[in-house]
Amino acid sequence: MTEAMEQLKITREILVEQFKDFLMSFKINGKEIYLNEIKGLPEKEGISVCIDLDHLTLYNEELSKLVMVNPEEAVSAASEALRQLISNVDPEYADYKERFYARFFNLLYKSTIRELRANQIGRLVEIEGVVTQASIIQAKLIKAAYKCSECDAVFYVPIDERLKEIKGVLVERCPNCRRRSMNKLLLEKSLFIDWQTIRIQEDHENLPPGRLPRSILCILTEDLVDRARPGDRVVLTGTLKPLKPPGIREKRKLSYFTYIDVNYIKARGEEIEQIDLSPRDQEEVVKLSKTPGVSKKIIDSISPSIYGLEEVKSAIALLLFGGVPKYLKDGTKIRGDINILLIGDPGTGKSQILKYVAKIAPRGLYTTGKGSTAAGLTAAVVRDTMTGGWTLEAGALVLADKGTACIDEFDKMSNEDRIAIHEGMEQQTISIAKAGIVATLNARASILAAANPAWGRYDESRSPSENINLPPTILSRFDLIFLLKDEPEKKRDEKISEFILDLHAKEGAEIKQPISPETLRKYILYARRYVFPHLTSEAMEIIKEFYMKMRERSSKQQGAIAITPRQLEALIRMSEAKAKLELKKWVTKSDAEFAVRLMEYYLNELGYEEQLGVINIDKITTGVTLSRRQRLISLYDTLKEMYSQKKTPVPVEELIEIFSQTHNISQTVVKEDLRKLISSGRIMSPREGHVIPL
């Protein structure tokens, strides 16, 4: 043995002893932190212990620096120390598991993906980001078993981790008979470990303006696999290593990609925001919540560059805070997030509102319907260039989990893309079954969408679904829908013009708002993380009274349904969100009344039928007004009667003429109703120009 090797051996032995001493002796408040954890490993069948580098620095600063600078050697020594300690505690368990790992976290110097550079290769790094891809778990060969063709002896050969494949036969000298022969690979006796790749992307909230998000490949092994799913926020530590692109000869390639060989990973998917609130921030938020009129201040601080729109801003404030999700004993979940749709004429500031909300909301995300596909909004299965297998890639709604997704140009999406988000809007999950991958991802996000009218400007004579060309199944999933109409009105136009001119005259000056965006963001974050108000009997009575009053009105409106249980759930969510605005533990009477006023505004704005003087929720949720539904029934009955008399298909022109005369309706309207009945499958056309009832 050479002197250098002997020196290395001594150094490793010393390192192992130092780590053993640290794990056995380190205490906090008299408690042996790591020794107690090691003793509990056999009970929970664990193979790793997580070591806080702050603790190691307190024990031995030089040892902590070694972990940062030479992680390969340090982690190996710490893992060996752990194995020896477990052998002392439970020898049988140590023999059963064989391999144990020391995991290090809480580095002094943290990096972003964008800051990773070549001088950090071979060093321990800590990054945070969002998991966008995750491969299936594979078994990786780490020690190959070979059988000698001469003496049948079995021997083991460690596998270099850089190898992409290994041959089935190996020409090597047998350690038993010392002959060189063709030795056969025995896969069943070889040693494998769990292996998985994930891709981590920069969080869009910390992305520099105008920059594309960067990502890095990360490799997980053993007990680290399947710790995080696409959409989860994670913090991880690992060694930065170079990676040769597949299919390129090493001699001809001078530039390399990098990847992280992960040593520690923690999913932060359950947290709303990765930015921690300091005690001072929390004191500031609580103090602000006790100021008079804090709800009004919050509402006025939303999109201050847009004039008016008090009801819209009030609803958006509720969306930012959200209600309280319920988890029933039978496994059913009732969402607490609020979904809002803005239908607006051109120039009413929809996009500006959406971008402001995406900026102010914790974990806010902005996208457009035109630039997004179903896969981009939900999830996709893509081919992994490294492994050749299929990986799961998260879309916008999954990445906005526990946050807010702002979707502009909602009406420009294709029907297939819109159908894909049905599940995400109500069940708040995204299910995918493609290429052998069957998975369900969380999409617990509030959705704020904006759409333009299909005919350029909103047409009051048409239903909301006809105006924005959206299916009723999508519209029914929005808790509130608002019309942003651009109607000439002298006093209002004068105020808007003065407001806009004042903004331009003071270009570069700060817009006056009661609460700054930074403070408002912290306030929302605090409320969503720590405040979960419960309904009081007074609030429940207000909501129940309004619901019963509207249902009673429905029974008198000859088939017009004014409100459904879906709106009742929306009222509860909005009442809870209003209580969160003031950081209250209980939903009071005033909170319920606030929610009722918004719901009344929404129903009167979109559900009111002037022709009959009634409120009809079907006008929004099904796209069919009460008057039109009655007309469709009459048209179908007329066709049925004509068909029973003739026993042959009824000519379309004859049906249109008779029905328009008897009901005093224009033939154009009758033609539209006829097309509606055909598309719904109530009647069919056996030959051109003729129809029959079904």
Need pairs with beta-carbon distance below 6 Å; first residue surrounded by 15 or more Cβ atoms within 10 Å (Cβ to Cβ) and within region 293-311, second hydroxyl-bearing (Ser, Thr, Tyr); sequence gap 6+ or separate chains. Ile299/Ser314; Ser303/Tyr356; Glu311/Tyr601
Starting from region 23-38, keep only residues that are at negative phi, then list their pairs with residues that are surrounded by 10 or more Cβ atoms within 10 Å (Cβ to Cβ) and part of a strand (DSSP E or B) whose Cβ atoms are within a distance under 6 Å, requiring at least 6 positions of separation or different chains. Glu37/Val49
Would region 383-394 turn up any residue that is among the aliphatic types (A, V, I, L, M), over 23 Å from Thr440 (Cα atoms) and at pLDDT 70 or above? no
Can you spot a residue in region 439-458 that is in contact with a strand residue (DSSP E or B) (Cβ under 9 Å, 6 or more places away or on another chain), on the phi > 0 side of the Ramachandran plot and at pLDDT below 75? no
Which ones in region 207-250 are at pLDDT 75 or above, part of a loop (DSSP other than H, G, I, E, B) and either assigned by TED's automatic domain parsing to the domain that holds Val49 or not charged (D, E, K, R) (or both)? Pro213, Val225, Ala228, Pro230
Check Arg83 against each of (1) out of contact with any helix residue (DSSP H, G or I) (no Cβ under 7 Å at 6 or more places or on another chain); (2) of a type outside the set (Phe, Trp, Tyr); (3) closer than 25 Å to Lys20 by Cβ and name the one condition it does not meet. (1)
Which of the residues belonging to region 297-326 are outside any helix (DSSP H, G or I) and at pLDDT 80 or above? Ser301, Ile302, Gly322, Gly323, Val324, Pro325, Lys326
Among the residues of region 101-116, is there at least one that is more than 34 Å from the chain's Cα centre (by Cα), modelled with pLDDT of 80 or more and surrounded by fewer than 17 Cβ atoms within 10 Å (Cβ to Cβ)? no
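The values are calculated or read from the model by the stated rules, or taken from the named source; none is laboratory data. Given the structure is predicted, the values throughout are model-derived calculations rather than measurements. Ideal geometry is used to build each Cβ from the backbone, glycine not excepted, and the neighbour counts take in all protein chains shown.
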